[in-house]
1. Of all the accessible heavy-atom surface of the range 1-65, with the other protein chains kept in place and a 1.4 Å probe, what percent is carbon and sulfur?
2. Would you kindly find the accessible area of Tyr31, with a 1.4 Å probe and non-protein molecules such as ligands, DNA and RNA excluded, rounding to the nearest 10 Å²?
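The values are calculated or read from the model by the stated rules, or taken from the named source; none is laboratory data. Please read these numbers as outputs of a predicted model, since none were measured by experiment. Calculation scope for accessible area: heavy atoms of the full protein, side chains included, ligands and nucleic acids excluded. Shrake-Rupley method; radii C 1.70, N 1.55, O 1.52, S 1.80 Å.
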Amino acid sequence: MKVEGCYINIGSGGSGNGVSHNSLNPSSSLYLDNCVFLGENNLTGSGVDLQNGVVYVRNCDFDGFKNSIHLSGALVLSSYIELGLSKFTTRNTNEVIKIDKGIVGANSIYIKNEITGGTGVGIYDASIVSITNS
């Protein structure tokens, strides 16, 4: 799935995800280009919720989501996240990028991004994963 030039604003008390990509196909890809995701501090959701597959995020701006990107699922072997020139701002103590649930030991996660402001953890990894910064 490709999403380009989107503007997603979930207001106060919102409970959803900006984009959910819950594919049963572990090689399925999600492409986000030039998107803006706005969420409130108490949002119980993610900017991008990815269960299985690969995500490419380029030139995007995440502001306020508890988990800007949440990777979970049981079939994410050999998949990866590429973050190109994106901004992640959080005003809460939750994770900016969260990786959990499932077998993610073979992932390579390429981080090419600018993380700005807030008090959140840049990457919170609850699984065994290989992280490459470049």
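1. Answer for the range 1-65 is 44 percent, counting heavy atoms of protein chains only.
2. For Tyr31, solvent-accessible area is about 80 Å².
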